[in-house]
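Notes for the one structure printed next.
Read-outs: derived from the displayed coordinates by stated rules, not from any lab. Here the structure is a predicted model, which means the values were calculated and not measured. For neighbour counting, all protein chains shown are included, and Cβ atoms are generated from backbone atoms with ideal geometry for every residue, glycine included.
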Amino acid sequence: MKSRTPKVLHPLCGRPMLAYVLEAWADVTPELPAAPPVVVYSPPVAAVRDAGLGEAVRFALQDEPRGTADAVRAGLAEIPEDTAEILVLSGDVPLVLGPQLLAILEQRRLDDAAIALASVYAAEPDSLGRVVRSDFGTVERIVESKDATPDELESNEVNAGCYAFDAAWLRRRIGAVRPSATTGELYLTELVRLAREDGRIVSAVGFDDDGTFDGINDRAQLAEAEWALRVRRNEAHMRSGVTMRDPSTVYLDWDVELAADVVLEPNVILRGVTSIASGSTIGPGTTILDSTIGQDCRVWASVVERSVVEDGVTIGPFSHLRPGTHVGPGAEIGNYAELKNTTLGARVKQHHMSYLGDAELGDGTNVGAGTITANWDGRTKHRTTIGKAAFLGVDTMLVAPVEVGEGAKTGAGAVVTRDVPAGKLAVGVPARIREPRVRPPDPDAGEPGDR
């Protein structure tokens, strides 16, 4: 991979590729909670221990990478002695599925085989090791392409690197594997020869070459695997009631949750632990990270990070909700509006070019264009509190810490450096407190929070 990151920790749809292999294992072993999977690692890739793969995962150290058979030997030390069957998977084959693994296990049990392995009928077998079967269909050996005869090279059945073992036989014979004469490594495929010497059956379950057993060895193959996972995940969401206008341009992390009747328009990116509730539309050019979006919302051409958005909210275009933001129901956030660590009450209107940081706004407040909370004094962040149904005039600057009372107003261009009592008006630079002018009622205006 030419990377500082261990190969099996490279992310696919927001999760390390190894997580998908462990998930496939869990799909076929739900009845075995007391027998967690064992991840074998070597010192150069010790970061896998801290990758958050789950509390149930055990780890086994392979002091020096000496091949696949040696890795299995290291893993056996962490497996209970009374285990009857062992499934061996490769950590860099993330597309493998539970039903495929179950088929391998069932074939081993049916034949009472020492080994059952997965094979693939490859379209282009090239240098891959060939599976050599007897006239009865059992596996006689696995031969590397460079050692194969012309007749053996005619076969396109290749070893996929996934095995089920009779655990007792494996423990007894793993020590008999000898180093390769060319590389010095201990290969797991050598166990096929040992099983046949013992008169034990070796079975193979053949699969089509659909990519699910493909290993990842470089960034190009990583991208191909992510594409396959995206297709798999997007199709599952669409069958559950999600509309995607152009699935090829929708990028979802694996743990994103989408309710029925969610609409995702083109060029949408949803990352991390994000959930979108029913009836919401995520418009073009939107990125949402680790956030919750309520019902019947619309988010368009905006960025939402680690925030909570309640029902009926509209956001965008070109808005940015930074971490710690909470938007109340029915609020409206418009063009070039930015919020950070801020709570908006119900029906707050923040329509144009404004910044609210470390602030709390009460229900029905109107935020004029160009409003800014000056929350950072060069050393400390300070909060701004604004009451219900307040009216912030165009280009208001609120120098925190400051509080604007319920129903209070600020004039255009006001620089507010002290608290504004409820129902009062702040105007000027610095702002002075006045009584608001009384205007004749407008029969078409409705409630303050509706304007």
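Normalised by the number of residues in the chain, the average gap of Cα pairs under 8 Å and 6 or more apart makes the relative contact order 8 percent.
Need one word for segment 241-450: rounded, prolate or oblate. Basis is the Cα gyration tensor (sqrt eigenvalues a ≥ b ≥ c); a/c below 1.5 gives rounded, then a/b vs b/c decides. Since a/c reaches 1.5 and a/b is larger than b/c, the shape of segment 241-450 is classed as prolate.
Remark: segment 147-157, residue by residue, has Karplus-estimated 3J(HN,Hα) of 9, 7, 7, x, 5, 5, 5, 5, 6, 10, 8 Hz, where x stands for each Gly or Pro and the curve is 6.51 cos²θ - 1.76 cosθ + 1.60 at θ = phi - 60°.
Close amide H pairs (under 5 Å, H built 1.01 Å from N) link residue 188 with 68, 69, residues at least 5 positions away or on another chain. The GluC sites (Glu not before Pro) found in segment 130-218 that occupy coil by DSSP, while having at most 10 further C-beta atoms within 10 Å, are 154.
The slack between residue 248 and residue 26, meaning 0.36 nm per residue of separation minus the straight C-alpha distance, is 77.0 nm.
Its residue count N sets the reference 2.2 N^0.38 Å, and the alpha-carbon radius of gyration of the chain equals 1.38 times that reference. Taking 0.36 nm per residue of separation and subtracting the Cα-Cα distance, full extension of the segment from residue 47 to residue 383 would add 117.0 nm. Computed from the C-beta positions of residue 220 and residue 135, the FRET efficiency with R₀ = 51 Å rounds to 0.80. Under the combined filter of DSSP loop state and at most 12 neighbouring Cβ atoms within 10 Å, segment 16-95 retains these GluC sites (Glu not before Pro): 31, 55, 81. Site pair residue 437 and residue 238 shows an inter-label distance of 5.8 nm when each label is modelled 7 Å from Cα along Cα→Cβ. Pairs with C-alpha atoms separated by more than 30 Å, drawn from the list 381/409; 7/381; 340/388, are 7/381. Using C-alpha pairs under 8 Å with a sequence gap of at least 6, the mean separation divided by the residue count of segment 241-450 gives a relative contact order of 9 percent.
Quick check: the distance between the Cα centres of segment 113-190 and segment 63-82, to the nearest angstrom? Result: 19 Å between the Cα centres.
The chymotrypsin sites (Phe, Trp or Tyr not before Pro) found in segment 130-235 that occupy coil by DSSP, while having at most 15 further C-beta atoms within 10 Å, are 136. Can you compute the FRET efficiency between residue 308 and residue 5 using 1/(1 + (r/R0)^6), with r the Cβ-Cβ distance and R0 = 35 Å? Round to the nearest 0.05. In this case the efficiency is close to 0.65. If one computes the Cα centroid of segment 252-323 and of segment 212-246, what distance in Å separates the two points? Taking the Cα centre of each part, segment 252-323 and segment 212-246 sit 20 Å apart.
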